[in-house]
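Below is one structure, written out as structure tokens, with a few remarks after it.
No lab work stands behind these numbers, since they all come straight from the coordinates. All of these numbers come straight from a predicted model, not from anything done at the bench. Note that each Cβ is placed from the backbone with ideal geometry, even for glycine, and that neighbours are counted across all protein chains shown.
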């Protein structure tokens, strides 16, 4: 995965500013991987025909609308947050998932907030130390992998 490559380059980079660039790339590509996973899951359900149309529209960031008395998926975009999509998938397929007390879920949110803070910085300078980047990315990626693996196992059971 690209995220892992960027992360490992950053760890070995002696220049602090260059290391931070690689750490940021690791964060962004890590979230791209999560989004790709969700897209693959949505496509699998589209092919299988086992989700409702409005559910597919939600996962695929499409508008579900009424046209001439018939509901259908539109080509118009209607974006949904990655955490909402994950929450939907877990609520639908991992019935005993405890959103309030699951450590991977709370760490995922911390990682998402971290990603948002570097994606939309409030200042021109990056005050986060390489050590802090490393710590947050490790925790965040482990939580993402844990969540996706748990969901993947459950979905594999459904498709067998």
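Some points to look at:
- Of everything listed in (1) farther than 30 Å from residue 18 by Cβ; (2) under 21 Å from the mean Cα position of the chain (by Cα), the single unmet condition for residue 75 is (2).
- Taken over region 118-134, the criterion of being closer than 17 Å to residue 12 by Cβ and exposed (fewer than 12 other Cβ atoms within 10 Å of the Cβ) is satisfied by 131 alone.
- Restricting attention to region 40-63, the residues being free of Cβ contacts under 8 Å to residues at least 60 places away in the same chain, part of a helix (DSSP H, G or I) and touching a helix residue (DSSP H, G or I) at 6+ places or on another chain (Cβ under 8 Å) number 7.
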